[in-house]
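The block underneath contains the structure these notes are about, expressed in structure tokens.
Values quoted throughout were computed directly from the atomic coordinates according to the rules given, and no laboratory measurement underlies them. Keep in mind it's a predicted model, so treat the numbers as computed, not measured. As a convention, Cβ positions derive from the backbone with ideal geometry for all residues, glycine included, and neighbour counts pool all protein chains shown.
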Amino acid sequence: MPNEGKIMSFTKLTACPHGFEKELPYFIAIIELNNKAHLLAQLVDKDESKIKIGAKTKMVFRKIADKDIEGPIAYGYKFKVI
């Protein structure tokens, strides 16, 4: 799977599902990968000036959730503007 692409569309979220309050505000985007596949993903950049249609992105591996100090930690892919 390609790990680079570009932003096709995005939105800034100011309300979120339970458990993601510490993330607010955050951005999600439709990313077109270099192989033309499209996917929905969270953007990890908080700098709004970098987030725009056509901006180049790179896949990064980040923590998604941890329930408590002794519970499992979930990791997954997000994207950052390059």
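General remarks:
- The mean of 1/r over all distinct Cα pairs in the chain, once inverted, gives the Kirkwood hydrodynamic radius of 13.4 Å.
- Taking the fewest neighbouring Cβ atoms within 10 Å as the starting point, the ordered list for 24, 13, 43 is 24, 13, 43.
- Modelled this way, with points 7 Å down the Cα-to-C-beta line, the labels at residue 62 and residue 36 are 2.9 nm from one another.
- Loop-resident sites, the stretch 15-82, for trypsin sites (Lys or Arg not before Pro), counting at most 16 other Cβ within 10 Å (DSSP): 36, 46, 52, 67
- Residue order, fewest to most beta carbons within 10 Å, for 39, 33: 39, 33
- Relative contact order of the stretch 4-81, defined on C-alpha pairs under 8 angstrom at six or more residues apart (%): 30
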